[in-house]
1. If you go through the stretch 19-32, how many residues are among the aliphatic types (A, V, I, L, M), closer than 13 Å to Glu50 by Cβ and either touching an Asp or Glu at 6+ places or on another chain (Cβ under 6 Å) or crowded, with 17+ Cβ neighbours inside 10 Å (or both)?
2. List every residue pair whose Cβ atoms lie under 6 Å apart, where the two residues are 6 or more positions apart in sequence or sit on different chains, the first residue falls within the stretch 13-33 and is polar (S, T, N, Q), and the second residue, located anywhere, is surrounded by fewer than 18 Cβ atoms within 10 Å (Cβ to Cβ) and in a helix (DSSP H, G or I).
3. If I filter the stretch 51-67 down to residues being surrounded by 15 or more Cβ atoms within 10 Å (Cβ to Cβ) and assigned to a helix (DSSP H, G or I), which single residue comes out as farthest from the ligand (Cβ to nearest atom)?
4. Can we say Leu121 is assigned to a helix (DSSP H, G or I), farther than 19 Å from Leu19 by Cβ and either at pLDDT 95 or above or open to solvent by less than 10 Å² (accessible area, probe 1.4 Å) (or both)?
5. Just to be sure, is Asp73 modelled with pLDDT under 95, over 21 Å from Ile16 (Cβ atoms) and surrounded by fewer than 16 Cβ atoms within 10 Å (Cβ to Cβ)?
6. Can you tell me how many residues within the stretch 89-111 are more than 20 Å from Ser6 (Cβ to Cβ) and open to solvent by 40 Å² or more (accessible area, probe 1.4 Å)?
7. If Pro4 meets every condition in (1) within 24 Å of Pro108 (Cβ to Cβ); (2) modelled with pLDDT under 95; (3) away from the ligand (no atom under 16 Å from the Cβ) apart from one, which number is that one?
8. Hey, Phe83 hits all of (1) more than 12 Å from the chain's Cα centre (by Cα); (2) within 15 Å of the ligand (Cβ to nearest atom); (3) not polar (S, T, N, Q) but one; which does it fall short on?
Amino acid sequence: MAAPVSVLIVEDEPAILELVAINLEHAGFAPLRAASAEDAARLLRQRLPEVALIDWMLPGQSGLALARRLRADVRTRELPIIFLTARTEEDAKVAALEAGADDYLTKPFSARELVARIRALLRRRAPQL
Ligand code: CA
């Protein structure tokens, strides 16, 4: 059996982090948890997940700054990124996409939709064999 797809979750609210992680586990993914951009950067130095879910509002460096950093680094340039945020205005969505996000989910979101979007993103990224 193939190893489960690892998904990095960067979210500072422990309840949301845990909820997302549990839902991803149920869907067959291997969640990696980070509570801040700094946490995520540390984790990314050790291993590269297949997808990253990034909350916009984080303590310290914002999710937006983290996304820009990931896009600027040759190692994480291609990492699929989905933004998770409570911000619904058009400007925020545009800023997230311009910072390098591949997709965008506004809170509250359903676990089903999140899983479907991760799968869609992975389909687009999968190499043609
Ligand atoms: Ca947050």
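1. If we filter the stretch 19-32 for residues that are among the aliphatic types (A, V, I, L, M), which is where we start, we get 19-22, 24, 27, 30, 32.
After this cut, where a residue has to be closer than 13 Å to Glu50 by Cβ as well, the list is 24, 30, 32.
This time we only want the ones that are either touching an Asp or Glu at 6+ places or on another chain (Cβ under 6 Å) or crowded, with 17+ Cβ neighbours inside 10 Å (or both), so: 24, 32.
Total meeting the criteria: 2.
2. Asn23/Ala111
3. Per the criteria, the residue is Ala67.
4. Yes: the conditions hold for Leu121.
5. Working: modelled with pLDDT under 95: no; over 21 Å from Ile16 (Cβ atoms): yes; surrounded by fewer than 16 Cβ atoms within 10 Å (Cβ to Cβ): yes.
Spelling it out, it is not the case that Asp73 is modelled with pLDDT under 95, over 21 Å from Ile16 (Cβ atoms) and surrounded by fewer than 16 Cβ atoms within 10 Å (Cβ to Cβ).
6. Counting residues in the stretch 89-111 that are more than 20 Å from Ser6 (Cβ to Cβ) and open to solvent by 40 Å² or more (accessible area, probe 1.4 Å) gives 12.
7. (1)
8. Checking Phe83 against (1) more than 12 Å from the chain's Cα centre (by Cα); (2) within 15 Å of the ligand (Cβ to nearest atom); (3) not polar (S, T, N, Q), the one that fails is (1).
The values are calculated or read from the model by the stated rules, or taken from the named source; none is laboratory data. No experiment lies behind these values; they were computed from the predicted model shown. Counting neighbours? That spans all protein chains shown, and the Cβs are built from the backbone with ideal geometry, glycine included. Accessible surface is based on the protein model in full, side chains and every heavy atom, while ligands, DNA and RNA are left aside. Shrake-Rupley method; radii C 1.70, N 1.55, O 1.52, S 1.80 Å.
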